[in-house]
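The values are calculated or read from the model by the stated rules, or taken from the named source; none is laboratory data. Nothing here was measured: the structure is a model prediction, and the numbers come from that model. Using ideal geometry, Cβ is built from the backbone for each residue, glycine included, and neighbour counts are taken over all protein chains shown.
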Amino acid sequence: MGDQGTYQAVYMNNECVIITGSPAMMLFNMIHAHRANMWMVLVISVVVVRIQASNNREDGTIFLERGNPGILSCPLVASSRIPLDQIEVMYWYSPRVRDENILISYFKGNVAPQNGIPEGVYDINRNFFLVIQNVTDSDEGTYYCNVKLKSTGLLDDEQVNISIKVSPKEPFPDVTQCTERISETACEAELPNDIKKPRLTCIVGDAKPAVALRWLLEYSDGDTQLISDRFTVKPSEYSVNTFTTSASIPIVASSVDRYMYRCQANGEALGARNGSYVTVTAFYTPQVPLAEE
């Protein structure tokens, strides 16, 4: 297979036709294929990157927002395997289960920080969850909750992993060519007529972990078609230990027709707004006919 963006596979009448050409020409073909009711258009892509977003991943990792209070649940308690009224002693450790790694303890109703940790850094709430008052990057790592029951006196512990996230600055995603923001999910890009090879660039800045971006062609009937899932990630310039993701595509533009392009963002850093997008309506500045003298 050649470079990404070199081939387009078009399925029509149960036959596959491979079209070669520039990305802009392929995009032009996609638009007209949709208009002709071609039943399937696939853009073959070499690189596919997916980042799933949730506050609690399947591997048990919990994402906490930097600069905010963070709550870490003990699996033994959260799963209701241990009744709250049966807990006599609890310890929270990090990064290992050692006496010198105890962060804070609960003993018969009294909560106290351990190993010289100042008051107010950690707490244990009434649900026996660990509370981190101000989450920083140094809080990332492995934590253990250790519980002793009144009835049996047995100690048991379980592991929880924390990763730190930083939500990106709004609005996101942002397209640099937009000249007017219509709404949270829509903008217009009026392009000068002298730009012969127009492009759109989508950016999500100052996020941790880095997000993924993809561009889709959006049709007037609401259908969408993937254009590209390629993006670039770089360290952010003005925010410590965060990342900026950008994705740029060539587009088809006209002073008569208006084409719509959607940039979609996915990633842990987006939290409940995973999958956020902005639809760009791109067009050339209409030419004003010269008045006859």
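Considering each of C202, C145 in turn, give the residue that is closer than 30 Å to L64 by Cα and assigned by TED's automatic domain parsing to the domain that holds V111.
C145
Only one of (1) closer than 17 Å to M260 by Cα; (2) in contact with an Asp or Glu (Cβ under 9 Å, 6 or more places away or on another chain) is not met by K169, so which one is it?
Just one mismatch for K169, condition (1).
Do we have D99 as among the acidic types (D, E) and surrounded by 16 or more Cβ atoms within 10 Å (Cβ to Cβ) here?
It is false that D99 is among the acidic types (D, E) and surrounded by 16 or more Cβ atoms within 10 Å (Cβ to Cβ).
Of the conditions (1) within 16 Å of the chain's Cα centre (by Cα); (2) over 30 Å from D137 (Cβ atoms); (3) of a type outside the set (G, A, S), P198 satisfies every one except a single condition; which number is it?
(1)
Yes or no: K196 without any contact (Cβ under 8 Å) to a residue 24 or more places away in the chain and part of a strand (DSSP E or B)?
It is false that K196 is without any contact (Cβ under 8 Å) to a residue 24 or more places away in the chain and part of a strand (DSSP E or B).
Out of S276, S236, S246, S254, report the one residue that is under 30 Å from I162 (Cα atoms), without any contact (Cβ under 8 Å) to a residue 40 or more places away in the chain and of a type outside the set (A, V, I, L, M, F, W, C).
S236
Mind listing whichever residues of the range 253-280 are buried (at least 18 other Cβ atoms within 10 Å of the Cβ) and over 13 Å from the mean Cα position of the chain (by Cα)?
The initial filter retains those residues of the range 253-280 that are buried (at least 18 other Cβ atoms within 10 Å of the Cβ), namely 253, 259, 261-270, 276-280.
Correct list: A253, Y259, Y261, R262, V278, T279, V280.
Could you list all residues from the range 159-184 that are within 22 Å of S228 (Cα to Cα) and surrounded by fewer than 13 Cβ atoms within 10 Å (Cβ to Cβ)?
Matches in the range 159-184: T176 only.
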